[in-house]
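The values are calculated or read from the model by the stated rules, or taken from the named source; none is laboratory data. A quick note: this is a predicted structure, and the numbers were derived from the prediction, not measured. As a convention, Cβ positions derive from the backbone with ideal geometry for all residues, glycine included, and neighbour counts pool all protein chains shown.
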Amino acid sequence: MIKIFGHTAPDTDATGSALIWAWYLNDVQKKPATAYVLGEPNTEATFVLKRWGFDTPAILTDVEDGEKVVVVDTNNPGELPANINNADIKQVIDHHALVGGLTTKGPINITIRPVASTATVMAGIMRGSAMDDMPDTIKGLMLSCILSDTLEFRSPTTTPRDVSLAHQLAKDLGIDVKEYATEMFAAKSDVSAFSDLELLKMDSKIFPVGDKKLRVSVLETTSPETVLSRQSGMVAAMDALKAEEGTDEVLMFIVDILTEQSTLFIANDAVKSIAEKSFGVTVDGDTVILPGVVSRKKQIVPNLAV
């Protein structure tokens, strides 16, 4: 049995892509496989699973020595089970920059392509009859992954391949892209059930920048005022999070999907300095607006300076 999973703090692409590839291995390649998640999926991913009739995959806490696995939507050991390098990694399918650090038992298939979604990469691998025979439920997952990671084609990570594939899938499914994306983003924006600390961790990754270790958290929403109203509690939770994990700072970006801009919480003077050095802005207050900044991968992390 092959275990398939994406990164910690699973979003729609990590969750959906694991299920897509499990279908492909089981039904097309006739290899027994099961999809897992490394934590509770976010609200958008949960909506997508329910919409297309899937149960939430079981949560995987670690992998055993020699266990066969496929890694999707990441290649970063820091976002994977602690014992990942002792597992038998059979394949990596991703769309992020190569981080390094994974160890394999032998030569494997690694596919990393500069597109917006892992699901788009998978469609390129499958091709032909696999795409033709794909059930609507899997097509629905694939469409959802693309719309999520491109923010309905607003993100600078979007490529013509993502757009073309999404529209073809929507046509096959008889779905209006805009209406469905609106439903997805409404689900993503409902964060009322989460604590301040959970919001900080929901879509969050740790990056080394200079001699600092920064947690970069992103919350994409069509209702930014809902999150901005919780700023004081979230800033207080940042101190607890830094103490818990030994990071130097937590950067919280609230991405307004509709206006295509981000608001960064300025929690202290160190974050103020990072904001000014990274984005060429003058900070005067406890937030700063960053017009046009919506992508952590292309616009936030590459510009970070301390």
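Summary of values
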item	result
Extreme residue, farthest from residue 234 (Cα to Cα), among residues of the range 255-275 that are acidic (Asp, Glu) and within 26 Å of the chain's Cα centre (by Cα)	260
Subset tally (residues that are outside any strand (DSSP E or B) and under 13 Å from residue 7 (Cβ atoms)) for the range 65-75	3
Exclusive hit being under 16 Å from the mean Cα position of the chain (by Cα) and crowded, with 21+ Cβ neighbours inside 10 Å, set 71, 63, 99, 92	71
Given (1) modelled with pLDDT under 95; (2) acidic (Asp, Glu); (3) surrounded by fewer than 19 Cβ atoms within 10 Å (Cβ to Cβ); (4) in contact with a strand residue (DSSP E or B) (Cβ under 8 Å, 6 or more places away or on another chain), index of the condition residue 203 fails	(3)
Enumeration of residues in the range 157-200 that are modelled with pLDDT of 95 or more, among the hydrophobic types (A, V, I, L, M, F, W, C) and not in a helix (DSSP H, G or I)	175
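Results for (1) of a type in the set (Val, Ile, Thr); (2) at pLDDT 95 or above; (3) outside any strand (DSSP E or B); (4) not assigned by TED's automatic domain parsing to the domain that holds residue 222, shown as yes or no for each residue.
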residue	(1), (2), (3), (4)
251	no, yes, no, no
254	yes, yes, no, no
259	yes, yes, yes, no
270	no, yes, yes, no
276	no, yes, yes, no
290	no, yes, no, no
293	yes, yes, yes, no
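Yes/no matrix, rows are residues, columns are (1) touching an Asp or Glu at 6+ places or on another chain (Cβ under 8 Å); (2) assigned to a helix (DSSP H, G or I):
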{"position": "22", "(1), (2)": "no, yes"}
{"position": "37", "(1), (2)": "no, no"}
{"position": "50", "(1), (2)": "no, yes"}
{"position": "63", "(1), (2)": "no, no"}
{"position": "81", "(1), (2)": "yes, no"}
